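Here, each number is a calculation from the coordinates, and none is a lab measurement. These numbers were taken from a predicted model, which means no experiment stands behind them. All Cβ positions, even for glycine, are placed from backbone atoms using ideal geometry, and neighbour counts span all protein chains on display.
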Amino acid sequence: MVKVACCWDDGVVNDIRLIALLRKYKAKATFNLNPGSMPEHTAVPRWRKLDEPVWSYNGFINGKVGLSEMKEIYEDFQVASHGWLHKGGSAPVDEFFKDAMDARKYLEDVFQRECRGYAWPCGDYTPQAAKRLQDAGFLYARTTQYTDDVGVTDAPMHLNASCHHMDRLFCDKFRAAKAKNGIFYFWGHSYEMLDCDGLWNQLEQKLAMLAEDPEVQWIDVIDIVK
Ligand SMILES: [Zn+2]
């Protein structure tokens, strides 16, 4: 057997298309959200004008899911704090902690369930920040680092994944985890697929491969540390 988990950051509009794929292949997932930077209504994705001074991913401005649609969109999946405004562990520790907790409280209120997971914004981990999270009852905090032994060697506040979803060794890492009856855990941002069918197709091939494998058991990220 191999346990498989995945998570996706930032609550972007492409999550809606991603969720349709996850449902099709009966995959579980956790979405790491920043409610403080989500608009009231879901944004309309678009491409950046060449001289437009705005953040984009390879020119694509995906935009965020709206607060008013958040519950309906993510209801059947896990949600976790990714900071109210995406503040990293190197921010002043009280400011960091408030950011992490505000997102958690908001999500717990909207979804009416415990949200005890966290993902470090930009992988910005510090030991002091980690201690504050742990003391407040967070069960894990995901980094942007990688390990071949998910959940075995990691401290839960420094939870490393197996790889990014676009890692060229994705399938090799999956097979390696399976060979040791371990956990395969990948993550990413759905905006990385842009509005490009070829990139979406690559992800779908991976989900199909996992769905066809009788040894795969999907778990939630929080199950890694439970
Ligand atoms: Zn992020």
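Details
- Across Ala129, Ala27, Ala91, mean-square fluctuation computed from a Gaussian network of the chain (C-alpha pairs under 10 Å connected) peaks at Ala91.
- Label-zone membership for the stretch 7-30, site Val54, 7 angstrom Cα→C-beta point, backbone N under 18 Å: 11-15
- Local electrostatic count, Lys173, Cβ distance below 9 Å [Lys/Arg +1, Asp/Glu -1]: -2
- Its residue count N sets the reference 2.2 N^0.38 Å, and the alpha-carbon radius of gyration of the stretch 2-225 equals 0.98 times that reference.
- Which listed pairs, of Lys26/Lys131; Lys28/Lys87; Lys26/Lys49, have C-alpha distances above 29 Å, in listed order: Lys26/Lys131; Lys26/Lys49
- 18 Å Cα-Cα reach of Lys226 towards aspartates and glutamates, excluding residues that sit fewer than 8 places from it in its own chain: Glu114, Asp135, Asp149, Asp154
- Net charge over other residues, Cβ less than 12 angstrom from the Cβ of Trp120 (K, R count +1; D, E count -1): -1
- Relative contact order (%) - criterion: Cα under 8 Å, at least six apart; region: the chain: 27
- Less than 5 angstrom separates the built amide H of Cys7 from those of Thr30, Phe186, Trp187, Gly188, all sequence-distant by 5 or more or on a different chain.
- Over the chain: helical MRE at 222 nm, DSSP H runs n ≥ 4 each giving -39500 (n - 2.57), nearest 500: -10500 deg cm²/dmol
- Diffusion constant of the stretch 1-50 at 37 °C, which comes from Stokes-Einstein with the Kirkwood Cα-pair radius and 0.692 mPa s, µm²/s: 254
- Under Karplus coefficients 6.51, -1.76 and 1.60, residue-wise ³J(HN,Hα) of the stretch 129-138 in Hz, glycine/proline x: 5, 4, 5, 4, 5, 5, 4, 8, x, 5
- Summed side-chain charge close to Ser190 - residues other than Ser190 whose Cβ falls under 13 Å, Lys, Arg +1, Asp, Glu -1: -4
- Fluctuation leader among Glu192, Glu52, Glu75 - the chain, Gaussian network, Cα springs under 10 angstrom: Glu52
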